[in-house]
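Below: the structure, in structure tokens.
Here, each number is a calculation from the coordinates, and none is a lab measurement. As the structure is a computational prediction, the values presented were derived from the model and not from experiment. Cβ atoms come from the backbone with ideal geometry, glycine included; neighbour counts cover every protein chain shown.
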Amino acid sequence: MYGPFTNERLIGHAIASRRDEVVLATKFGNERLPDGTRRINGRPEYVRTEREESLTRLGVEHIDLYYQHRVDPDVPMEETWGAMGELVTAGLVTHLGISEAAPATIRRAYATHPVTAVQTEWSLWTRDLEENGVLATTRELGIGFVPYSPGTRVPLGDDPQPRRLCRRRLPPPQPPLPGREPAAEPAPG
């Protein structure tokens, strides 16, 4: 979903001969408009269209975990998640997730269809979800938590390590998770 959807094509190519060995997650909701700008889109027809386009780009028949990338404030969660639930019922998607959602929004989604995963930034510098109820909500509802950017997105100065790692095409080392969250699994990268 970043760039011209190159990531889905690359992932599809990489897993083509081993699809049954991976859990495949992708997202929808960050719509790229013809003029190159983006907008958040949670309309049911967009949910369905993007799922079909993701399947085509990935070269697969189903998605294991389908995330709503951002919550669309103009579309009721029940409509978005109703359409997402239909994809599960049809066997095109196995599990549903949501990114960057407040506890009340997570609950509204969950009331419409079970939420398998919540993805939010959690790093040494971004800790607000420990106090804002997101982690408590995932624990209470039995939802898996997938932190992104555990190594932070904050520039760390002129340290040459990132340049060395880029030359070798290695990811930077990831620090331990900020807390002992048993249901948390960091997103790669």
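Summary table
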item: Cut-off under 5 Å, modelled amide H: who pairs with LYS27 long-range; result: TYR67
item: Anisotropy class of segment 1-93 from Cα gyration tensor, a/c 1.5 cut; result: oblate
item: Under 5 Å, built H, 5+ apart or other chain: amide partners of HIS95; result: LEU65, TYR66
item: Residue-by-residue Karplus 3J(HN,Hα) for segment 64-73, coefficients 6.51, -1.76, 1.60, Hz, glycine and proline x; result: 6, 9, 10, 9, 7, 5, 9, 7, 8, x
item: Tensor-based shape of segment 6-168 (alpha-carbon gyration tensor, a/c under 1.5 rounded, otherwise prolate or oblate); result: oblate
item: Fewest-first ranking of PHE28, PHE5, using other Cβ atoms within 10 Å as the exposure measure; result: PHE5, PHE28
